[in-house]
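Below is one structure, written out as structure tokens; the observations come after it.
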Amino acid sequence: MKIKTPQPIRGTQDIFGDEALRFNHVLAVFDHVRKLYGFKRAEIPVFESTAVFARSLGETTDVVSKEMYSFEDRSGEPLTLRPEFTAGLCRAYLTSGWQQYAPCKIATHGPVFRYERPQKGRYRQFHQIDAEVLGAAEPEADVELLCLADQLLQELGIKEHVTLHLNTLGDSESREAWRAALVEYFQAHFDQLSDESRERLTRNPLRILDSKDPNDKIIAEKAPIIDDYLTEEAASFFKSVTAGLDAAGVAWTRDPRLVRGLDYYRHTAFEFITDQLGAQGTVLAGGRYDGLSEALGGNLTPAIGWAAGIERLAMLIDLPVEAAMEVAVIPLGDEAKLSALSILSALRHANISAEMTWRGNMKRRMQKANSWGVRYAIILGEEELANKVVTIRSMVTGEQEAIPLDQIVDRLVVELGNK
């Protein structure tokens, strides 16, 4: 009986071809830009104790209650596949001695997991790039992180389609005063709110401000804004951030309805939003989370970070042009294959990209070499072996000549200008 091939799990993806080119280009540009800003690479486990995410994301949030992939290992310990990077990085900062590097500028990337309805640019296993600054209370850290994001989008070639939306959540005193005012305001409109917003009113009233319900949006338009409740210190912090962005040439727009519902968020909150992806317009988002470390049992640790979905960014960029293969090695006959392999290895160690054709007649092999876009073909047959030479053919001019076998690599290094 023929075995039925298992199908991919819903919400996962196999990445290859043009999609892989775009995906890896995003990573390459991110790696380039993070080096310019002095952000160090970090790696953390793909799963953590469930408590790391339950405490950091809030027990009652949708991510914790509905979207996390949680399970018990063989010892009965509750574990969770990471739904985001920030909590794990903060845990690592507290437990792995990273405090000594404060301010600790970290960049990472990899898969994250959320059980949600798959749609365009959104998967159950998806991938993020992430940048964080831990142990820095100064507004300059906020500016640094936003400049990093802005330059990343610029170097990806999508900046003109993306707008930075910026808001402040104030300090603890500001936030609590604003929260109380929002509860009072929305309580007066309780009967008009959606069921979801009525539930949020008791546990997370700030989230009503970003409700997608049309009627909720109308009510939220007249809700109190944070500016009326900012302390002098909080207002000064936000002014320093916006002045820093202006000085760095980073364009931004104020969005007083942009919020983060969890209590450990402070001060700066932001999203880079595009009009190119329909309703799922946020491509990069983050904020300052000075209270997260305490939620994980550590000391007060000011920090700020952002994350961006690699798939979404990849959908926005032009298809990168991959460098063509430089040389094709064409052995004719079994005896020539070992010499061809030796040449192939020597070329690659000399920083020359090369492939070998080993199927078909001469015509098909030359067609294959042409399809790779190579500049030179090295032909090695019985006659060449007997004379200890190879035939080198220019695929541009069609000219060819015999070159001593032991000189071919040096010759191509000169011809191709490789280091």
Among the residues listed as VAL46, VAL52, VAL64, the single one being at pLDDT 95 or above and among the β-branched types (Val, Ile, Thr): VAL46
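Evaluate segment 185-199: report whether one residue or more is of a type in the set (Gly, Ala, Ser) and not in a helix (DSSP H, G or I).
Start the filter on segment 185-199 by keeping residues that are of a type in the set (Gly, Ala, Ser), which leaves 188, 194, 197.
Okay, now just the ones that are also not in a helix (DSSP H, G or I), so 194.
For segment 185-199, residues of a type in the set (Gly, Ala, Ser) and not in a helix (DSSP H, G or I): present.
Quick grid of which residues meet (1) of a type outside the set (Gly, Ala, Ser); (2) in contact with a Leu (Cβ under 9 Å, 6 or more places away or on another chain):
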| position | (1), (2) |
| --- | --- |
| SER339 | no, yes |
| HIS349 | yes, no |
| GLY360 | no, no |
| TRP372 | yes, no |
| GLU382 | yes, yes |
| SER394 | no, no |
| GLU399 | yes, no |
| PRO404 | yes, no |
For LEU209: the one exception among (1) in the same structural domain as ASP263 (by TED's automatic domain parsing); (2) modelled with pLDDT under 90: (1)
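Of the residues that sit in segment 69-82 and are out of contact with any Phe, Trp or Tyr (no Cβ under 6 Å at 6 or more places or on another chain) and closer than 16 Å to VAL46 by Cβ, which one is surrounded by the fewest Cβ atoms within 10 Å (Cβ to Cβ)?
The initial filter retains those residues of segment 69-82 that are out of contact with any Phe, Trp or Tyr (no Cβ under 6 Å at 6 or more places or on another chain), namely 70-78, 82.
With closer than 16 Å to VAL46 by Cβ added as a condition, the list becomes 70-71, 73, 77-78, 82.
Values: SER70: 15, PHE71: 12, ASP73: 9, GLU77: 11, PRO78: 12, ARG82: 24.
Among those residues, the one meeting the criterion is ASP73.
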Whichever residue in segment 290-345 is buried (at least 16 other Cβ atoms within 10 Å of the Cβ) and of a type in the set (Asp, Glu) and, among such residues, is nearest to the chain's Cα centre (by Cα): GLU311
Residue within segment 350-362 that is of a type in the set (A, V, I, L, M, F, W, C), outside any helix (DSSP H, G or I) and at pLDDT below 90 present: yes
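Restricting attention to segment 248-290, which residues are aliphatic (A, V, I, L, M), more than 18 Å from ALA220 (Cβ to Cβ) and touching a residue at least 24 places away in the same chain (Cβ under 8 Å)? Let's see the steps before the verdict.
Keep residues of segment 248-290 that are aliphatic (A, V, I, L, M), which gives 248, 250-251, 258-259, 262, 269, 273, 277, 279, 283-285.
Adding the requirement that they be more than 18 Å from ALA220 (Cβ to Cβ) leaves 248, 250-251, 262, 277, 283-285.
ALA248, VAL250, ALA251, LEU262, LEU277, VAL283, LEU284, listed by residue number.
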Matching residues in segment 295-324 - criterion: being among the charged types (D, E, K, R), out of contact with any His (no Cβ under 8 Å at 6 or more places or on another chain) and at pLDDT 90 or above: ARG312, ASP318
Matching residues in segment 223-282 - criterion: being under 20 Å from LEU145 (Cβ atoms), at pLDDT below 95 and out of contact with any strand residue (DSSP E or B) (no Cβ under 8 Å at 6 or more places or on another chain): LEU262, TYR264
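Can we say GLU84 is touching an Asp or Glu at 6+ places or on another chain (Cβ under 6 Å) and either modelled with pLDDT under 95 or of a type in the set (Ser, Thr, Tyr) (or both)? It would help to see each step written out before you state the result.
Working: touching an Asp or Glu at 6+ places or on another chain (Cβ under 6 Å): no; either modelled with pLDDT under 95 or of a type in the set (Ser, Thr, Tyr) (or both): yes.
No; evaluated as a whole, the condition is false for this residue.
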Failed criterion for LEU153 (all others in (1) of a type outside the set (S, T, N, Q); (2) closer than 30 Å to ARG22 by Cα; (3) crowded, with 19+ Cβ neighbours inside 10 Å; (4) out of contact with any helix residue (DSSP H, G or I) (no Cβ under 8 Å at 6 or more places or on another chain) hold): (4)
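Taking helices (runs of 4 or more DSSP H) that do not extend beyond segment 1-111, which have at least 3 residues that are closer than 30 Å to GLU322 by Cβ and free of Cβ contacts under 8 Å to residues at least 60 places away in the same chain?
Working: elements: 17-36, 50-57, 86-95.
Those helices (runs of 4 or more DSSP H) span 17-36.
Taking the stated definitions as given, is ALA141 surrounded by fewer than 16 Cβ atoms within 10 Å (Cβ to Cβ), in the same structural domain as LYS105 (by TED's automatic domain parsing) and in a helix (DSSP H, G or I)?
Numbers: surrounded by fewer than 16 Cβ atoms within 10 Å (Cβ to Cβ): no; in the same structural domain as LYS105 (by TED's automatic domain parsing): yes; in a helix (DSSP H, G or I): yes.
Judged against the criteria, ALA141 is not a match.
The values are calculated or read from the model by the stated rules, or taken from the named source; none is laboratory data. Only a predicted model underlies this, so the values are computations on that prediction, with no experimental measurement involved. Note: ideal-geometry Cβ built from the backbone for every residue, glycine included; neighbour counts use all protein chains shown.
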